[in-house]
Ligand code: GLN
């Protein structure tokens, strides 16, 4: 039996029953990774993976396994790892070996998980299509002529293609949710501050948040259980009592019957998420998912997020501003690639940064430096911060009338690789419209597979659609419980591109 497309819960049973060992499981995935044609994985270290798998198996044999012991995963190449090179998808960090593990990596390893390698991503997590990786683009396993989404495209494509049952991702403006949607898997971005940023190569620090990507909401809850928690090494880490993120699974909402587990749940649909720009095919799929949630007992009402459109300019000022500051450390002296051709210090800085950074990263640094510069600070940066505050307030008002917000993750399904012109970055930025708000407001949000759209000829393949659920601060457990109830009633999350042919 091929376990590669199993969820973590299924793999747990297989390991505990002795049907497969942690070492065999890791070997299986590593073999699949070696044959991969999607550009998903940037680095492997089979020796290190198998050593972790052997240690996990010893625990399983001694009946000391935790829920994640022996389960394999990939880490987005934004998390630093001791045994695997970390590049952040950039030439700037080519062959970089971190002397320590990111907090997320360390927590998941301590929980017994086996690291399979590092997943491709957009350079420094800047992008929505995983086409801005210095080591080559990544493609979508559902249709190789299309993007997998980004920036955590490698993580999402890996789970979809059966190269790993789970992966870490990071989400600054949608990078967990959007690739999860485009590859047909489940992904959650927790509340800002829930998961430590220690050891995550920084993009925009006030927005960056690590998230979990897997086949099911149940799997994401298990991963989050291990990932979340206060970390004194991250100054924005939140001190919260530890929680079990799957504790609300199967719990009736209010006066629920068995067939209506979501009875009493109020779901808000922002009208701005269903306006012009949303593809009619995606809309049809999201509408039927909404109807399914209603059939499970939820009540649907309209809410207002009046500044949704402004989330694009606000985000694309704030994120580049923070990026320009975070990336200043890569100067060829303190960190990163150093040019071989420089006769003086200024040329050394200039050439090192020109050679090390890709075009999109350079563009963001320039925008960021501009909006922070004297004379433009008030007009752009300060203004964007005010808009950010108003967007967060809009969500607070909306949540006075509903328990969670529902909408599409992205306006379209995965687009053809050739479609986006790198000369016109705006088109790609605009596609982030539905994910940026939750990021600016620091709210937990997830993507849940909810159906397919048939691609145009000639490929005529099915392309996955993601349903976005956004919750109030700290309501991850409820988001996951709703997603779980939906997944109990549907099987979109178990469809795989392998089963296509
Ligand atoms: N697409 C957005 C950007 O390019 C979001 C990326 C992310 O969340 N890391 O900045």
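Does residue 370 meet the test of being farther than 19 Å from residue 433 by Cα and buried (at least 19 other Cβ atoms within 10 Å of the Cβ)?
Numbers: farther than 19 Å from residue 433 by Cα: yes; buried (at least 19 other Cβ atoms within 10 Å of the Cβ): no.
No.
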Checklist outcome for this item: Residue pairs within 8 Å by beta carbon, gap of at least six or interchain, first lying in segment 109-138 and more than 28 Å from residue 222 (Cα to Cα) and free of Cβ contacts under 8 Å to residues at least 40 places away in the same chain, second part of a loop (DSSP other than H, G, I, E, B) and within 13 Å of the ligand (Cβ to nearest atom), listed first then second, are none
Checklist outcome for this item: Of the residues in segment 316-335, those that are under 14 Å from residue 91 (Cβ atoms) and surrounded by fewer than 22 Cβ atoms within 10 Å (Cβ to Cβ) come to 332, 335
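Looking only at segment 142-164, count how many residues are away from the ligand (no atom under 12 Å from the Cβ) and either under 20 Å from residue 451 (Cα atoms) or surrounded by fewer than 24 Cβ atoms within 10 Å (Cβ to Cβ) (or both).
Here is the first cut: in segment 142-164, the ones away from the ligand (no atom under 12 Å from the Cβ) are 142-146, 148, 154, 156-164.
Right, trim to either under 20 Å from residue 451 (Cα atoms) or surrounded by fewer than 24 Cβ atoms within 10 Å (Cβ to Cβ) (or both) and you get 142-146, 148, 156-162.
Total meeting the criteria: 13.
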Checklist entry - Among the candidates 426, 420, which residue alone is surrounded by fewer than 17 Cβ atoms within 10 Å (Cβ to Cβ) and farther than 30 Å from residue 195 by Cα? => result 426
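The rows are residues; the columns are (1) more than 25 Å from residue 401 (Cβ to Cβ); (2) within 23 Å of the chain's Cα centre (by Cα); (3) touching a residue at least 60 places away in the same chain (Cβ under 8 Å).
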{"position": "265", "(1), (2), (3)": "no, no, yes"}
{"position": "270", "(1), (2), (3)": "no, yes, yes"}
{"position": "288", "(1), (2), (3)": "no, no, yes"}
{"position": "311", "(1), (2), (3)": "no, yes, yes"}
{"position": "324", "(1), (2), (3)": "yes, yes, no"}
{"position": "327", "(1), (2), (3)": "yes, yes, yes"}
{"position": "333", "(1), (2), (3)": "yes, no, no"}
{"position": "366", "(1), (2), (3)": "yes, no, no"}
{"position": "376", "(1), (2), (3)": "yes, no, no"}
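Does residue 60 satisfy being in contact with a helix residue (DSSP H, G or I) (Cβ under 7 Å, 6 or more places away or on another chain) and buried (at least 22 other Cβ atoms within 10 Å of the Cβ)?
The answer is no for residue 60.
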Checklist entry - Would segment 221-240 turn up any residue that is modelled with pLDDT of 95 or more, crowded, with 24+ Cβ neighbours inside 10 Å, within 16 Å of the ligand (Cβ to nearest atom) and outside any loop (DSSP other than H, G, I, E, B)? => result no
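Restricting attention to helices (runs of 4 or more DSSP H) lying wholly within segment 370-478, give those where 2 or more residues are more than 24 Å from residue 269 (Cβ to Cβ) and at pLDDT below 95. Lay out the reasoning, then the answer.
Details: elements: 383-398, 425-430, 433-441.
Output list reads 425-430.
The values are calculated or read from the model by the stated rules, or taken from the named source; none is laboratory data. Since this is a predicted model, take the numbers as computed values, not measurements. Using ideal geometry, Cβ is built from the backbone for each residue, glycine included, and neighbour counts are taken over all protein chains shown.
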